[in-house]
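Here is the structure we will look at, set down as structure tokens.
The values are calculated or read from the model by the stated rules, or taken from the named source; none is laboratory data. Quantities reported herein were computed from a predicted structural model and do not represent experimental measurements. Heads up, the Cβs are rebuilt from the backbone with ideal geometry, glycines too, and the neighbour counts pull from every protein chain shown.
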């Protein structure tokens with residue numbers, strides 16, 4: 001009986017290792033797709049695709065616009081940001097108090113903020129003629145959706161941190177503000193380049209969010 005249990009335990013362990021390896025491969029593939037998109041497509045590109053009039057091409061200049069996701073502004077309330085270092089290009093609205101990267105913008109224009117991450121990636125790839133990295137041999141979209149959702153949850157947490165930092169800028173001195181900004185940039189980089197597990201990125205992002213909250217309360 002003990003030997004039979006040992007064999008079952010060994011099989012379960014090996015199955016767990018194979019599943020973990022498959023999840024890691026899928027996670028890297030998802031990140032490669034996102035990285036490929038971000039290298040080729042900016043927030044300016046996605047906004048222009050949906051008919052938003054812009055002055056710049058998005059490669060290096062910020063631009064103030066009326067947010068396309070709420071009612072008309074008396075003054076433009078949103079700013080489009082080009083990519084800077086590890087930070088992707090995006091759109092931030094002071095009225096909505098939200099920041100969206102190219103995936104978030106795509107979802108919002110489709111009226112579906114809860115759209116599956118992989119569905120949004122496919123839509124962007126198709127719209128802009130991007131060839132995705134080769135699909136892992138074992139790929140099963142339904143089976144692996146949880147992995148991509150997990151990636152998106154951590155990415156959304158980083159965006160919440162970034163939004164809170166922007167909103168609370170007056171609570172920081174310049175050195176503190178830049179230090180927290182660099183920490184967030186490092187976490188974006190760690191997640192995109194797969195140099196830190198998602199759990200590690202999440203733990204550090206929550207610590208950053210707590211520190212921002214403490215700073216706001218003490219201001």
Just wondering, is there one or more residues in segment 188-211 that are touching a strand residue (DSSP E or B) at 6+ places or on another chain (Cβ under 8 Å) and surrounded by fewer than 18 Cβ atoms within 10 Å (Cβ to Cβ)?
no
Residues of segment 167-187 that turn out to be part of a loop (DSSP other than H, G, I, E, B) and surrounded by 12 or more Cβ atoms within 10 Å (Cβ to Cβ), as a count:
2
Of all residues in segment 71-110 being free of Cβ contacts under 8 Å to residues at least 12 places away in the same chain and farther than 16 Å from residue 56 by Cα, the one that is nearest to the chain's Cα centre (by Cα)
71
In the set 6, 66, which member is at pLDDT 85 or above and over 26 Å from residue 152 (Cβ atoms)?
66
Residue 80 vs (1) closer than 22 Å to residue 185 by Cβ; (2) assigned to a helix (DSSP H, G or I): all pass except (2)
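Can you pull out every residue in segment 182-195 that is modelled with pLDDT of 75 or more, more than 15 Å from the chain's Cα centre (by Cα) and under 22 Å from residue 25 (Cβ atoms)?
Scanning segment 182-195 gives no hits.
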For residue 182, the lone unmet condition from (1) over 28 Å from residue 116 (Cα atoms); (2) touching a residue at least 40 places away in the same chain (Cβ under 8 Å) is (2)
Scan of segment 41-56 for residues that are loosely packed, with under 13 Cβ neighbours inside 10 Å and either assigned to a strand (DSSP E or B) or out of contact with any strand residue (DSSP E or B) (no Cβ under 7 Å at 6 or more places or on another chain) (or both), ordered by number:
51, 53
Can you name the number of the only condition in (1) at pLDDT below 80; (2) closer than 23 Å to residue 126 by Cα; (3) surrounded by 13 or more Cβ atoms within 10 Å (Cβ to Cβ) that residue 35 fails?
(1)
Could you please give the count of residues in segment 136-155 that are under 18 Å from residue 196 (Cα atoms) and either at pLDDT 85 or above or surrounded by 14 or more Cβ atoms within 10 Å (Cβ to Cβ) (or both)?
7
Within segment 113-133, restricting attention to residues that are touching a residue at least 24 places away in the same chain (Cβ under 8 Å) and in a helix (DSSP H, G or I), which residue is surrounded by the fewest Cβ atoms within 10 Å (Cβ to Cβ)?
127
Go through (1) at pLDDT 80 or above; (2) within 17 Å of residue 162 (Cα to Cα) for residue 87 and report which single condition fails.
(1)
